Amino acid sequence: MKNAVEIGCADAFGMLIVLQEVGYVVATDFDPMFVQDVSKRCDEGWPIDVRLHDILEKQASGAFGGVYSLDVLEHIYQGKENQQETRNSKGAGVHRSVFHYISPKAP
């Protein structure tokens, strides 16, 4: 896979793992604080782009081999999950790979 987009990157922990397998990652988040933080911590050797983006407003621009989000779905208002999933699927390229991780709820 050549590239991937992370929807809801927060501190971009997942991005560092994905970068070990893909050539380029676009990390997105709707919160400017996270985008600024990740941008400041980026290393010149990291092939990434950090963007301010809200998946509920529109799909991420570009064609991507994979789309992933870690701990994002539980933050989306009930009833809007399908809207996010549809936009993620449209953002994936020919080899569609969409991955969502939702952390288990604490007891």
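Rounded if a/c is under 1.5, else prolate if a/b beats b/c, else oblate: with a ≥ b ≥ c from the C-alpha gyration tensor eigenvalues square-rooted, which is segment 1-58? Oblate. Note on Arg41/Glu21: beta-carbon distance plugged into 1/(1 + (r/R0)^6) with R0 of 30 Å gives a FRET efficiency of 0.90.
Just so you know, all these numbers are worked out from the coordinates, no wet-lab data involved. Small disclaimer: the values here were computed from a predicted structure and weren't measured. Here the Cβ is made from the backbone with ideal geometry for all residues, glycine too, and neighbour counts use every protein chain on show.
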